[in-house]
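Here's the structure, in structure tokens; my notes come after.
The values are calculated or read from the model by the stated rules, or taken from the named source; none is laboratory data. Note that this is a predicted model, so its numbers are computed, not measured. Cβ atoms come from the backbone with ideal geometry, glycine included; neighbour counts cover every protein chain shown. We work out accessible area using only protein heavy atoms, side chains counted, and drop any ligands, DNA or RNA first. Shrake-Rupley method; radii C 1.70, N 1.55, O 1.52, S 1.80 Å.
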Amino acid sequence: MSMRVVAVTAIVLFMTGTAHAQLSDTEQRIVAAVKQRAPAALELLERSVRINSGTLNPEGVRAVGDIFRAELHALGFTTRWIDMPLAMKRAGHLAATHEGGQGKRALLLGHLDTVFEKGSAVPLWERRGDRVRGQGVNDMKGGDVVLIEALRALKSVGALDNANVEILLTGDEERTGNPLQTARAEMVAMGKRADYALSFEGSSKHDGVDTASIARRSSGGWLLRVKGKAAHSMGVFSAQSGYGAIYETARILNAFREQVIEPSLTFNPGLIAGGTTVSYADDTATASAFGKSNVIARDAEVRGDLRYLSPEQGERARQKMQAIVATGNLPGTSATIGFTESYPPMPPTEAGRKLAELYSKASLDAGLGRIDLLDPSLRGAGDVQFVAPYTVGIDGLGTQGRGSHTDDEDMEIASIERGAVRAALLIYRLTQSGTR
Ligand SMILES: [Zn+2]
């Protein structure tokens with residue numbers, strides 16, 4: 001055997017024999033504590049999933065909140081239920097606080113509600129080998145369990161004593177209550193005093209590598225209203241009668257497509273109606289129109305969404321759209337557009353990248369592979385965005401599964417343990433290191 005081969009063998013042995021060399025003694029005990037809890041963690045998930053907690057089922061949402069509240073209380077958290085005004089028809093949120101020493105403050109985010117309302121045909125819980133299918137297993141009761149198990153492991157080795165941790169599990173993530181300012185007031189307040197926000201929505205793989213998100217696009221909408229003159233169709237294109245609302249709407253939408261598109265920005269007209277009269281029912285998302293082919297269209301309406309990565313990009317898009325709507329109108333027509341923003345954008349930042357590096361390092365140190373950043377265009381909006389203007393956030397710390405929001409939503413059971421190991425190490429390192 002040559003020296004060279006001996007050396008290579010030694011390195012291989014060294015690497016495999018010391019997979020946890022990057023973890024301190026305390027950290028190794030944290031990992032062991034997570035692993036020991038694996039069967040109990042799955043039981044906790046099952047208990048929470050067997051209760052329907054569709055957003056519009058407040059009793060169910062509160063009952064799931066009670067389960068997690070008892071767990072957090074046992075870990076030494078002060079817990080409270082935040083009620084929403086009755087008119088909002090939402091269950092409210094579970095908040096929990098753990099005051100420690102001088103270390104950094106972490107805000108952990110989850111939600112109790114699911115998209116599966118009472119009467120859903122989807123089974124509550126169905127074990128399928130090493131996966132489980134059910135209502136909200138991955139989105140995101142699995143993530144809630146990851147959050148709790150990570151804290152439990154920290155508690156078991158005494159690493160929670162000096163940690164400043166706040167938790168908010170919302171009851172209306174899937175259909176946020178109105179007004180939004182009320183629904184997310186507590187979250188914003190918590191975000192303002194947090195050094196980090198860790199959100200436990202599901203994680204996904206990209207090219208075989210686990211990912212997390214430090215950037216998420218806004219979600220909001222726009223409503224385009226166009227007016228023309230109702231007149232006999234024989235006069236269309238003439239100075240007196242003009243082109244009508246439908247031609248003008250077509251001009252505007254085409255100009256949006258030609259002039260406003262840029263990377264990370266999308267805007268989708270999802271519903272259009274035009275004719276002599278137009279009406280729209282919000283509760284059923286249904287438009288109706290009356291018109292005749294021999295009458296120039298007087299009214300048209302388009303409803304669309306708008307998603308952008310930074311406030312600047314949103315402002316640029318709105319200004320361009322506004323200008324297209326207000327100028328160059330076809331003869332005899334006029335148009336207005338209004339915008340709403342429901343989730344503010346969470347742009348990528350240097351601080352976010354550093355946080356993601358810490359998360360990836362925690363995963364690597366535990367032998368669970370690196371974590372890549374997820375392209376924000378591959379993900380919808382989420383709660384973490386409400387705190388993004390005030391603190392450094394990361395999302396995707398939860399479980400892994402398929403088919404979120406569909407009847408086939410499922411979760412890989414082993415991803416609970418992986419997520420809890422990573423999260424526990426990250427929370428430990430964030431809250432123990434450095435003073436505020
Ligand atoms: Zn979710």
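A straight chain from residue 56 to residue 312 at 0.36 nm per residue would run longer than the Cα-Cα distance by 88.7 nm.
Where both bridge residues fall in the range 90-176, DSSP classifies roughly 55% of the beta bridges as antiparallel. When a/c is below 1.5 the answer is rounded, else prolate if a/b is larger than b/c, else oblate, so apply that to the range 285-343 with a ≥ b ≥ c taken from the square roots of the Cα gyration tensor eigenvalues. Verdict is oblate for the range 285-343. The fraction of accessible area contributed by carbon and sulfur in the chain is 54 percent, rounded to a whole number (1.4 Å probe; ligands and nucleic acids excluded). Taking other residues whose beta carbon is less than 11 angstrom from the beta carbon of residue 184, and scoring Lys, Arg as +1 and Asp, Glu as -1, yields -4. The angle separating the long axis of helix 244-259 from the principal Cα axis of greatest extent in the chain is about 40 degrees. Shown is the FRET efficiency for residue 25 and residue 189, computed with R0 = 60 Å from the Cβ-Cβ distance and rounded to the nearest 0.05: 0.95. Note on surface exposure: 349, 176 rank 349, 176 by accessible area, highest first, 1.4 Å probe. Model label points for residue 340 and residue 102, set 7 angstrom from Cα along the Cα-to-Cβ axis, are 4.8 nm apart. Partners of residue 229 within straight-line reach, counting aspartates and glutamates whose Cα lies under 19 Å from its Cα and excluding those fewer than 8 residues away in the same chain: 248, 299, 301. So, R0 is 41 Å and r is the distance between the beta-carbons of residue 372 and residue 322; what FRET efficiency does that work out to, to 0.05? Using R0 = 41 Å, I get an efficiency of 0.65.
Overall, the anisotropy analysis places the range 263-392 in the prolate class: the square-rooted eigenvalues a ≥ b ≥ c of its C-alpha gyration tensor yield a/c not less than 1.5, with a/b exceeding b/c.
Between amide H atoms placed 1.01 Å from N, distances below 5 Å from residue 295 occur with 233, all of them 5 or more places distant or on a separate chain. The phi torsions of the range 354-364, fed into the Karplus equation with coefficients 6.51, -1.76 and 1.60 and a -60° offset, translate into couplings of 5, 5, 5, 5, 4, 5, 4, 5, 4, 5, 4 Hz, rounded to whole numbers, with Gly and Pro shown as x.
Rounded to the nearest 20 debye, the dipole size of the chain about its Cα centre is 560 debye, using +1 on the Cβ of Lys and Arg and -1 on the Cβ of Asp and Glu. Estimated translational diffusion coefficient (Stokes-Einstein, Kirkwood radius over Cα pairs, 20 °C, 1.002 mPa s) of the chain: 89 µm² per second.
Full extension of the segment from residue 262 to residue 279, taken as 0.36 nm per residue of separation minus the current Cα-Cα distance, would add 2.9 nm. Against the chain, whose longest principal axis comes from its Cα atoms, helix 3-17 is set at around 80 degrees.
In this rough spin-label picture, where each label sits 7 Å from Cα along the Cβ direction, the residue 354-residue 162 distance is 2.0 nm. Accessible surface calculations at 1.4 Å, restricted to protein heavy atoms, place the chain at 45 Å² per residue. Global size of the range 60-193: 15.7, 49 Å for Rg and Dmax (C-alpha atoms, Rg to one decimal, Dmax whole). By the helix-only formula, in which each DSSP H run with n ≥ 4 contributes -39500 (n - 2.57) and the sum is divided by residues, the chain has a 222 nm mean residue ellipticity of -11000 deg cm²/dmol.
Work out the FRET efficiency for residue 240 and residue 295 from their Cβ-Cβ distance, taking R0 = 22 Å, and round it to the nearest 0.05. Rounded to the nearest 0.05, the efficiency is 0.90.
The 1.4 Å probe gives accessible areas that order 192, 104, largest first, as 192, 104. Summing charges over all other residues whose Cβ lies under 9 Å from the Cβ of residue 280, with Lys and Arg as +1 and Asp and Glu as -1, gives -1. Scanning residues 5 or more positions from residue 92 or on other chains, those with amide H under 5 Å from its amide H are 84, 171, with H placed 1.01 Å from N in the peptide plane. Of all lysines in the structure, the ones whose alpha carbon falls short of 22 Å from that of residue 227, not counting any fewer than 8 places away in one chain, are 292, 320. Using Cα-Cα distances under 8 Å and only pairs 6 or more residues apart, what relative contact order does the range 295-436 have, in percent? Answer for the range 295-436 is 19 percent.
Each peptide among 167-173, 288-294, 362-368, 240-246 gets the average number of other Cβ atoms lying within 10 Å of its residues, and from highest to lowest they stand as 167-173, 240-246, 362-368, 288-294. Relative to the longest principal axis of the Cα atoms of the chain, helix 414-432 runs at roughly 80 degrees.
Here the contact order of the chain, divided by its residue count and restricted to Cα pairs under 8 Å and six or more residues apart, works out to 24 percent.
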